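Engineer: To start, I am sharing the structure in question, which I have written as structure tokens.
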Amino acid sequence: MNTLGTIFRVSIFGESHGNAIGVCIDGCPAGIALTANDFEADIQRRKSGAKGTTARHEADTPMLLSGVCNQKTTGAPLTIVFNNDNTRSGDYAQLAQHPRPSHSDFVATQKFGGNADVRGGGHFSGRLTLPLVAAGVVAQKIIPQVHIAAQLIEVGGQKYGEHNDVLAAAIAKGDSLGGVVECRVQDAPIGWGSPFFNSLESLISHAVFAIPGVRGIEFGTGFAAAKMQGSTHNDLIIDELGHTQTNHAGGIVGGIANGNEIVFRVAFKPTASISLPQPTYNFAAQQVETLRIKGRHDACFALRTPVVVEAAAAIVLADLSLGS
Ligand SMILES: Cc1cc2nc3c(=O)[nH]c(=O)nc-3n(C[C@H](O)[C@H](O)[C@H](O)COP(=O)(O)O)c2cc1C
């Protein structure tokens, strides 16, 4: 199952080194103005190029294959496809037998009986976040009144902006770093979300954990709340709109948006594909052997993820706005 959402249903498809990747959105309302240009800004934000990101550069040109006519959505399934043009698949030939530690090669090979495409991470690749970003652009058009903004706040344990030395050191060593992205959502109406299984935190977490490399998510004060007392943690209501003096809840109480800013942070792990040699099991040789990973990789893929986190949030909120 590779679909998220109840009314606004997002399915992503493709592999990193296959012909193309893409997204099919079922349940997209008709009449939304949409052209390829609408995707440009968000696609740029996800692209590599900055220090610490991969040397693989792709055009990432969106092709609107279905669901759009006269520059408006038709209400039929909307399909957006991106070609893969810059692949070096030979770099990944060994990985089914000698899987990268902490990457998907082992589980993909086991689960799909040796048939999975492990080139460039295959269907598990961070490249699949490009169609996710495209779906986010469409989702945001459904909820123009809601403002979603994510930014990187930490890289390799350092405050963003003060991370250049630690990043340069990791790159020089052939190692990798993780990071933390904070997302803030303004003007989500009171009432979105449900108690229990479809709590707004669960829905957002479901979408966010679809992003490869996510290790954790916390809302509001998050894990620090466990160390506080009720008297300091409670968010006192200060007006008839339900605004609160503090926002330890991160804008969600009882699974439901309470009219305050929704705030959550996402932890991304350090990139699994590092240049340093690693002793790890080789299934062909039936022994632990040194793996030297080839290919082009982000030393810190978290650098490219704020726009992906925004997309995940937009997809969930657009679905809720349509009554899911
Ligand atoms: C935008 C983006 C780019 C990524 N680039 C790489 C990469 O270059 N090399 C790598 O090993 N992992 C990369 N990842 C992470 C892997 O896709 C991910 O760790 C892997 O699929 C296993 O999934 P998991 O970490 O969620 O368990 C990237 C993730 C994202 C979101």
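Engineer: Would you mind counting up the charge near THR246? Only other residues with Cβ under 13 Å from its Cβ, with Lys and Arg at +1 and Asp and Glu at -1.
Structural biologist: Net of charged neighbours comes to -2.
Engineer: Okay, moving on. From the phi angles alone, apply the Karplus equation (6.51, -1.76, 1.60; θ = phi - 60°) to the stretch 146-153 and give each ³J(HN,Hα) in whole Hz, x where the residue is Gly or Pro.
Structural biologist: For the stretch 146-153, the Karplus curve yields 9, 10, 10, 9, 10, 8, 6, 10 Hz.
Engineer: Let me check I've understood the local charge: for PRO131, count other residues with C-beta under 13 angstrom from its C-beta, Lys and Arg +1, Asp and Glu -1. What total comes out?
Structural biologist: -2
Engineer: Can I ask one more? Charges on Cβ only, +1 for Lys and Arg, -1 for Asp and Glu, centred on the Cα centroid of the chain; of GLY52, PHE124, PHE112, which one is farthest towards the dipole's positive end?
Structural biologist: Value: PHE112.
Engineer: Let me ask something additional. Whose amide H sits under 5 Å from the amide H of GLY251, counting only residues 5 or more places off or on another chain, with H placed in the peptide plane?
Structural biologist: Amide H neighbours of GLY251: VAL263.
Engineer: Relative contact order for the chain: what percent, with Cα pairs under 8 Å and sequence separation of 6 or more?
Structural biologist: Computed over the chain, the figure is 24 percent.
Engineer: So, one more: From largest to smallest, what semi-axes in whole angstrom does the stretch 1-140 give when each is the square root of 5 times an eigenvalue of its alpha carbon gyration tensor?
Structural biologist: 29, 18, 12
Engineer: Still on this structure: GNM on the chain, C-alpha springs below 10 Å: top fluctuator among PHE223, PHE301, PHE124?
Structural biologist: Of the options given, PHE223 has the highest mean-square fluctuation.
Engineer: Then there's this: For the chain, just the Cα atoms, rotate onto the principal axes and tell me the three extents in Å, largest first.
Structural biologist: 67, 54, 35
Engineer: To continue, here is another question. Using the Karplus curve 6.51 cos²θ - 1.76 cosθ + 1.60 with θ = phi - 60°, work out ³J(HN,Hα) for each residue of the stretch 200-216 in order, rounded to whole Hz, and write x for Gly and Pro.
Structural biologist: Karplus values, whole Hz, x for Gly and Pro: 4, 4, 5, 5, 5, 4, 4, 5, 5, 6, 6, 6, x, x, 6, 10, x.
Engineer: Follow-up. Suppose every Lys and Arg Cβ carries +1 and every Asp and Glu Cβ carries -1, with no other charges. What dipole size does the chain come out with about its Cα centre, to the nearest 20 debye?
Structural biologist: I would put it at about 880 debye.
Engineer: Starting at the first residue of the stretch 112-126, write each ³J(HN,Hα) from the Karplus equation 6.51 cos²θ - 1.76 cosθ + 1.60 with θ = phi - 60°, in whole Hz, x for Gly and Pro.
Structural biologist: Karplus values, whole Hz, x for Gly and Pro: 9, x, x, 9, 5, 8, 8, 5, x, x, x, 6, 8, 5, x.
Engineer: Taking the alpha-carbon centroid of each part, what is the distance from the stretch 208-271 to the stretch 97-168 in angstrom?
Structural biologist: First find each Cα centre; the distance between them is then 23 Å.
Engineer: While we're looking at this one, here's another question. State log₁₀ I(q)/I(0) for the stretch 164-316 at q = 0.12, 0.15, 0.18, 0.20 Å⁻¹ as given by the Debye formula over alpha-carbon point scatterers of equal weight, solvent excluded.
Structural biologist: -0.65, -0.85, -1.04, -1.19
Engineer: Then there's this: Mind sorting ILE204, ILE12 by how few other Cβ atoms lie within 10 Å of their own Cβ, fewest first?
Structural biologist: ILE12, ILE204
Engineer: Can you list residues whose amide H is under 5 Å from GLY216's amide H, if they're 5+ apart or on another chain and H is modeled 1.01 Å from N?
Structural biologist: ALA267
Engineer: While we're on this one: Can you give me the Cα centroid spacing of the stretch 36-73 and the stretch 295-324 in angstrom?
Structural biologist: 14 Å
Engineer: Note down the magnitude of the dipole of the stretch 182-324 about its Cα centre, charges +1 on Lys and Arg C-beta and -1 on Asp and Glu C-beta and zero elsewhere, to the nearest 20 debye.
Structural biologist: So the magnitude is around 860 debye.
Engineer: Continuing with this model, one more query. Taking all pairs of different Cα atoms in the stretch 126-167, averaging 1/r and flipping that mean, what Kirkwood radius in angstroms comes out?
Structural biologist: 12.7 Å is the Kirkwood radius here.
Engineer: Less than 13 Å Cβ to Cβ from VAL263, Lys/Arg counted +1 and Asp/Glu -1: what total charge do the surrounding residues give?
Structural biologist: So the surrounding residues net to -3.
Where a number appears in this text, it was derived from the coordinates with a stated rule and is not lab data. What you are looking at is a predicted structure, and each value in this text was computed from that prediction instead of being measured. Note that we place each Cβ from the backbone using ideal geometry, even for glycine, and neighbour counts take in every protein chain shown.
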